[in-house]
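The values are calculated or read from the model by the stated rules, or taken from the named source; none is laboratory data. Predicted model, so just to flag it, every value in this text is computed and none were measured. Heads up, the Cβs are rebuilt from the backbone with ideal geometry, glycines too, and the neighbour counts pull from every protein chain shown. Each accessible area value is taken on the protein alone, full model and side chains, heavy atoms only, with ligands, DNA and RNA left out. Shrake-Rupley method; radii C 1.70, N 1.55, O 1.52, S 1.80 Å.
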Amino acid sequence: MSENEQVSAGGHSRRSVLKAGGVTTAALVTMDGVAAAAVRPAAAEGVASPVSTAEVMLHINGREHPLTVEARVTLLDALRERLGLTGTKKGCDRGECGACTVLIEGERVKSCMTLAVMEDGREITTVEGLARGDDLHPVQAAFIRRDAFQCGFCTSGQIMSAVACIDEGHTRSDEEIREWMSGNLCRCGCYPNIVDAVRDAAKGAGR
Ligand code: FES
Ligand code: FES
C-alpha cells in the first residue's frame with residue numbers, strides 16, 4: 001500500500017491537511033463546523049500576529065477531551081503534549097515511519113499527518129485504548145507471545161496497524177500481511193516475528 005493511501009485512510013488527503021494547516025495565516029477561520037478565532041499579539045514588536053485557535057472535542061478511547069488548540073497542531077502533538085497519551089510515538093514526524101499510527105473511526109491514520117482540528121468529534125483509538133482492564137488486546141498478546149516487541153518505539157504503531165490490518169481482512173497470506181504492514185518501519189528487523197504475531201491474532205479473530 002502506498003504512503004498516500006495510508007495517510008488518506010482517515011478521509012483526509014495530503015491536500016486537505018495542507019489546506020487546514022494554512023489557516024494559521026488567517027485571523028478567523030471556520031473549518032468542519034469548528035469556529036476558530038484568536039489574534040495573539042507578538043510580544044516583542046507589539047505587532048498583531050495572527051494565530052487561529054479552535055475549540056475541539058477529541059473522542060479518544062471512549063472519553064471526551066475538550067481542547068483549545070492552534071489550528072496547526074497535529075493530532076500527534078495534541079495526544080502527546082496536551083493529553084499525556086504518550087503511547088503514540090513520534091518518529092519521523094513526516095508520515096514515513098508509522099510510529100504515530102492511531103485508529104480514527106476504525107481506520108489507521110498517521111497522526112503526524114492530520115491536524116487535531118480535523119478530527120473534532122471523530123472516534124480515535126490509541127494504543128492505550130486497546131486493552132480491557134488487565135486483559136490485553138489479542139494483538140498485544142500475540143506480539144508478546146511471538147516476541148514481536150523490540151525497541152518499543154515503533155511497536156505501538158505496529159500494533160495499531162496490525163489491529164486495522166486484521167479488521168480489513170488483509171491477512172490471507174504472509175505476503176499480504178507484509179504488504180499491508182509496509183507503512184510501518186522497524187529498523188531493528190523484527191518483521192518476521194511481527195508477521196507471525198499478526199497471523200496468530202488474525203487466526204484467533206477467525207480471519
Ligand atoms: S511520526 Fe508519523 S509517520 Fe513517522
Ligand atoms: S521495534 Fe522499533 S525499530 Fe523495530
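Quick notes
- Asp196 under 20 Å from Val102 (Cβ atoms), among the acidic types (Asp, Glu) and assigned to a helix (DSSP H, G or I): no
- Checked against (1) hydrophobic (A, V, I, L, M, F, W, C); (2) surrounded by fewer than 16 Cβ atoms within 10 Å (Cβ to Cβ); (3) more than 16 Å from ligand 2 (Cβ to nearest atom), Ile144 passes all but a single condition, namely (3).
- Number of positions in region 129-153 that are within 21 Å of Gly183 (Cα to Cα), under 18 Å from the mean Cα position of the chain (by Cα) and modelled with pLDDT of 90 or more: 3
- Residues being in a helix (DSSP H, G or I) and without any contact (Cβ under 8 Å) to a residue 60 or more places away in the chain - total across region 106-140: 4
- All of Glu105, Glu96, Glu168 fail the test of being open to solvent by 40 Å² or more (accessible area, probe 1.4 Å) and at positive phi, apart from Glu105.
- Residue ID - nearest to Lys90 (Cα to Cα), chosen from residues in region 132-161 that are among the hydrophobic types (A, V, I, L, M, F, W, C) and away from ligand 1 (no atom under 16 Å from the Cβ): Phe149
- Taken over region 163-207, the criterion of being more than 19 Å from Pro138 (Cα to Cα), more than 16 Å from ligand 2 (Cβ to nearest atom) and touching a residue at least 24 places away in the same chain (Cβ under 8 Å) is satisfied by Glu179 alone.
- Residues in region 56-73 that are part of a strand (DSSP E or B), closer than 14 Å to Met118 by Cβ and among the charged types (D, E, K, R): Glu70 alone.
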